[in-house]
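The values are calculated or read from the model by the stated rules, or taken from the named source; none is laboratory data. Everything quoted here is computed from the prediction, not taken from an experiment. Note that each Cβ is placed from the backbone with ideal geometry, even for glycine, and that neighbours are counted across all protein chains shown.
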Amino acid sequence: MPAAPRYKRILVKLSGEALMGDDAYGINRDTLAGIVAEVKAVADLGVEIGVVIGGGNIFRGMAGASSGMDRATADYMGMLATVMNAMALSDAMRQSGLNARVQSALSIEQVVEPYIRGKAIRYLEEGKVVIFGGGTGNPFFTTDTAAALRGSEIGAEIVLKATKVDGVYSADPKKDPSATRYARISFDEAIGRGLGVMDATAFALCRDQKLPINVFSIFKAGALKRVVMGEDEGTLVHV
Ligand code: UDP
């Protein structure tokens with residue numbers, strides 16, 4: 001008999017940049033389809049999946065602010081970008097036969113439903129993938145923090161941070177060839193070593209809530225499924 005998944009409910013944090021593929025901007029449809037296939041493989045195991053999507057492929061508040069925009073205004077634009085990504089992701093999921101719902105932390109009711117925790121949990125129990133757009137709904141935060149927040153709210157057992165790099169390294173592997181990947185590391189050790197797993201607010205929330213984080217590469221075929229099956233993949237940040 002095949003082994004059972006290690007987790008029943010997970011929160012996947014997908015960066016906006018992951019949707020770009022090799023493009024310089026926006027959403028690459030083939031890349032999107034590949035990501036959806038990775039998520040579907042896990043949904044087919046009966047795992048309940050929440051997704052927090054970033055917006056960096058379209059707009060980042062910091063970039064707007066550095067070009068002279070008011071930071072809060074720029075951050076709201078970034079949050080709107082995440083809603084666009086959420087819509088594209090749910091569309092691709094539906095086309096692949098996955099039942100997906102988008103909820104947004106910002107009210108744009110003609111376009112997406114508002115975030116309602118109880119409803120999100122009901123969707124998860126019904127086997128629907130819930131995509132959380134709009135970040136936390138507040139400027140000066142990031143979608144990493146939204147992932148820690150929504151993960152805690154929906155009672156996810158783990159936050160799976162999907163990145164382009166396959167885990168947390170002792171140094172930047174692009175700059176330092178001697179950098180090694182941690183298979184497991186505790187929150188305290190990650191802080192002690194000054195490793196940037198997620199931004200500080202997100203990291204602190206996960207730590208307080210005893211919510212582990214597994215960093216992995218979304219571009220490594222089958223990696224998401226291996227994490228969910230409890231195999232060593234990427235880096236597990238544990239309590
Ligand atoms: N953002 C925000 N509050 C949030 C989440 C996101 O203001 O709770 C804005 C912020 O400007 C950020 C942008 O939305 O730069 C896109 O999100 P993020 O940079 O986290 O996306 P990612 O890096 O995952 O693509």
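Being over 30 Å from Gln95 (Cβ atoms) and among the hydroxyl-bearing types (Ser, Thr, Tyr) narrows it down to one of Ser217, Ser186, so name that one. Steps first, answer last, please.
Working: Ser217 fails: over 30 Å from Gln95 (Cβ atoms).
That would be Ser186, the only listed residue that is over 30 Å from Gln95 (Cβ atoms) and among the hydroxyl-bearing types (Ser, Thr, Tyr).
Given the criteria modelled with pLDDT under 95, within 16 Å of the ligand (Cβ to nearest atom) and β-branched (Val, Ile, Thr), does Val165 qualify? Against the criterion (modelled with pLDDT under 95, within 16 Å of the ligand (Cβ to nearest atom) and β-branched (Val, Ile, Thr)), Val165 qualifies. Among the residues of the stretch 81-107, those that are surrounded by 21 or more Cβ atoms within 10 Å (Cβ to Cβ) and of a type in the set (Ser, Thr, Tyr) comprise Thr82, Ser90, Ser104.
Restricting attention to the stretch 24-54, and to residues there that are in contact with a helix residue (DSSP H, G or I) (Cβ under 8 Å, 6 or more places away or on another chain) and among the acidic types (Asp, Glu), which single residue is surrounded by the fewest Cβ atoms within 10 Å (Cβ to Cβ)? First the steps, then the outcome.
Looking only at the stretch 24-54, we keep the residues that are in contact with a helix residue (DSSP H, G or I) (Cβ under 8 Å, 6 or more places away or on another chain), and these are 26-29, 31-33, 35-36, 38-42, 45, 47-54.
Those still in the list that are among the acidic types (Asp, Glu) too: 38, 48.
Values: Glu38: 19, Glu48: 24.
Checking each candidate, the answer is Glu38.
Residues checked against (1) among the charged types (D, E, K, R); (2) buried (at least 19 other Cβ atoms within 10 Å of the Cβ); (3) modelled with pLDDT of 95 or more; (4) farther than 27 Å from Phe59 by Cβ:
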{"site": "Glu153", "(1), (2), (3), (4)": "yes, no, yes, no"}
{"site": "Val159", "(1), (2), (3), (4)": "no, yes, yes, no"}
{"site": "Ile218", "(1), (2), (3), (4)": "no, yes, no, no"}
{"site": "Gly222", "(1), (2), (3), (4)": "no, no, yes, yes"}
{"site": "Val228", "(1), (2), (3), (4)": "no, yes, yes, yes"}
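Residue pairs whose Cβ atoms lie under 6 Å apart, separated by 6 or more positions or on different chains, with the first residue in the stretch 51-65 and over 9 Å from Thr82 (Cβ atoms) and part of a helix (DSSP H, G or I) and the second more than 7 Å from the ligand (Cβ to nearest atom) and of a type in the set (Lys, Arg), are Ala65/Arg71. Note on the stretch 122-156: residues that are in contact with a Cys (Cβ under 8 Å, 6 or more places away or on another chain) and within 11 Å of the ligand (Cβ to nearest atom) total 1.
Tell me yes or no: at least one residue of the stretch 60-80 is modelled with pLDDT of 95 or more, away from the ligand (no atom under 16 Å from the Cβ), surrounded by fewer than 17 Cβ atoms within 10 Å (Cβ to Cβ) and over 30 Å from Tyr7 (Cβ atoms). Taking every residue of the stretch 60-80 in turn, none turns out to be modelled with pLDDT of 95 or more, away from the ligand (no atom under 16 Å from the Cβ), surrounded by fewer than 17 Cβ atoms within 10 Å (Cβ to Cβ) and over 30 Å from Tyr7 (Cβ atoms). When the stretch 182-231 is filtered for residues that are in a loop (DSSP other than H, G, I, E, B) and in contact with a His (Cβ under 7 Å, 6 or more places away or on another chain), only Pro212 remains.
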